[in-house]
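Enquirer: Handing you a structure now.
Every read-out reported here was derived from the displayed coordinates using simple, explicitly stated rules and does not represent laboratory data. Treat the numbers as computed from the prediction; the structure is a model and nothing was measured. As a convention, Cβ positions derive from the backbone with ideal geometry for all residues, glycine included, and neighbour counts pool all protein chains shown.
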């Protein structure tokens with residue numbers, strides 16, 4: 001980040017004797033303006049989150065202490081973080097953390113950054129099962145472990161399996177399970193869920209947030225996603241449906257009759273996903289598309305056929 005009028009000085013407080021030192025509020029405003037000028041998402045929020053990290057304060061604390069003069073070292077640390085954000089790096093990767101369903105999760109470039117819409121799968125599971133249910137579940141395409149850890153957290157009697165093709169991603173998931181003290185109730189398997197054979201009828205619930213982005217969609221993603229998040233966790237062949245098709249037989253075998261599958265998909269794929277699960281040979285019945293808070297198709301719920 002080059003030093004210039006209106007940017008954050010690289011050497012801490014302004015050295016020009018005709019200027020006053022840079023206060024917290026000024027530093028945040030200048031960072032937000034720079035990020036906004038670069039067309040990055042949520043520039044003010046990004047500046048505040050990075051400021052909270054660099055200055056050791058909450059976002060409220062930044063507001064309350066907006067006229068405080070930070071140390072040269074803290075201002076330099078803030079500048080370094082903002083410089084990374086200015087290059088498009090997502091805030092979650094810079095901070096190494098993202099909140100999901102009220103849980104602080106570690107994230108690295110080996111995993112997708114958890115999205116708020118994925119919380120729908122946890123909310124639907126809570127609607128379907130009582131909190132004390134002794135669930136046996138699997139999370140296919142686990143990534144950071146967001147779904148597996150959240151399910152184990154909200155269902156204290158649950159035990160689950162987190163499956164991902166990336167062993168590096170599973171190490172992040174395992175770390176998140178340790179962080180939230182649910183590791184003893186989760187197993188971690190580095191495998192391709194589309195060719196996985198689990199014991200028949202072993203599970204009550206399968207959740208999945210598989211890759212579902214098409215090649216054309218991938219090329220049009222924002223640089224913040226395209227250039228930083230793992231391609232293999234986003235892209236799926238066959239119009240974005242290959243992994244969902246591969247999920248069907250694996251989930252059908254593993255679920256007991258009456259068990260539930262909850263699967264996230266792209267907002268334009270609702271009809272195509274329903275067609276897959278409405279096929280009698282799928283082993284599922286009563287498929288329903290659930291919409292997110294923006295009114296977009298987002299989650300498929302289907303029930304393992306009762307013989």
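Enquirer: Could you state the angle between the C-alpha long axis of helix 167-179 and the longest principal axis of the C-alpha atoms of the chain, as a value from 0 to 90 degrees rounded to the nearest 10?
Expert: Once rounded, the angle reads 80 degrees.
Enquirer: Going by how many other beta carbons lie within 10 Å of each one, how would you line up 226, 243, 153, fewest first?
Expert: Ordered by Cβ neighbours within 10 Å, fewest first: 226, 153, 243.
Enquirer: Got the relative contact order for the chain handy, in percent, Cα pairs under 8 Å and 6 or more residues apart?
Expert: Rounded, it is 12 percent for the chain.
Enquirer: Something else: Could you work out how much longer the chain between residue 67 and residue 238 gets when fully extended? Use 0.36 nm per residue separation minus the Cα distance between them, nm to one decimal.
Expert: 56.1 nm
Enquirer: Between residue 97 and residue 23, what FRET efficiency comes out of the Förster formula 1/(1 + (r/R0)^6) with R0 = 41 Å and r the beta carbon distance, rounded to 0.05?
Expert: For R0 = 41 Å, the calculated efficiency reads 0.95.
Enquirer: Follow-up. Taking neighbour counts of Cβ atoms within 10 Å as a proxy for exposure, in what order, fewest first, do 155, 228 appear?
Expert: Exposure proxy ranking, most exposed first: 228, 155.
Enquirer: Follow-up question, since we're still on this one. Helix 72-86 against the longest principal axis of the chain: what's the angle in degrees, Cα atoms only, rounded to the nearest 10?
Expert: 50 degrees
Enquirer: Pairing the Cα long axis of helix 242-254 with the longest principal axis of the chain, what angle in degrees results, from 0 to 90 and rounded to the nearest 10?
Expert: 50 degrees
Enquirer: Gain in length, residue 217 to residue 126, computed as 0.36 nm per residue apart minus the alpha-carbon separation, to one decimal in nm?
Expert: Value of the extension gain: 29.6 nm.
Enquirer: Would you mind pulling out the separation of the Cα centroids of the range 185-263 and the range 79-97, in Å?
Expert: Here the answer is 28 Å between Cα centres.
Enquirer: Under the definition of Cα pairs under 8 Å and six or more residues apart, what whole-number percent is the relative contact order of the range 152-307?
Expert: 20 percent
Enquirer: Follow-up. Within the range 230-253, whose backbone N sits under 18 Å from a point 7 Å along Cα→Cβ of residue 271?
Expert: Flagged as within label range: 239-241.
Enquirer: At 0.36 nm per residue, minus the direct Cα-Cα distance, what do residue 190 and residue 38 gain on full extension? Give it in nm, one decimal, please.
Expert: 50.8 nm
Enquirer: Can you put 186, 69 in order of Cβ neighbours within 10 angstrom, beginning with the fewest?
Expert: Values: 186 24, 69 17.
Exposure proxy ranking, most exposed first: 69, 186.
Enquirer: Would you calculate, for the chain, the mean residue ellipticity at 222 nm contributed by helices, counting each DSSP H stretch of 4 or more residues as -39,500 (n - 2.57) and dividing by all residues, to the nearest 500?
Expert: Computed mean residue ellipticity for the chain: -11000 deg cm²/dmol.
Enquirer: Modelling each spin label as a point 7 Å along the Cα-to-Cβ direction, I'd like the residue 58/residue 168 distance in nm, to one decimal.
Expert: My value for the distance between the label points is 3.5 nm.
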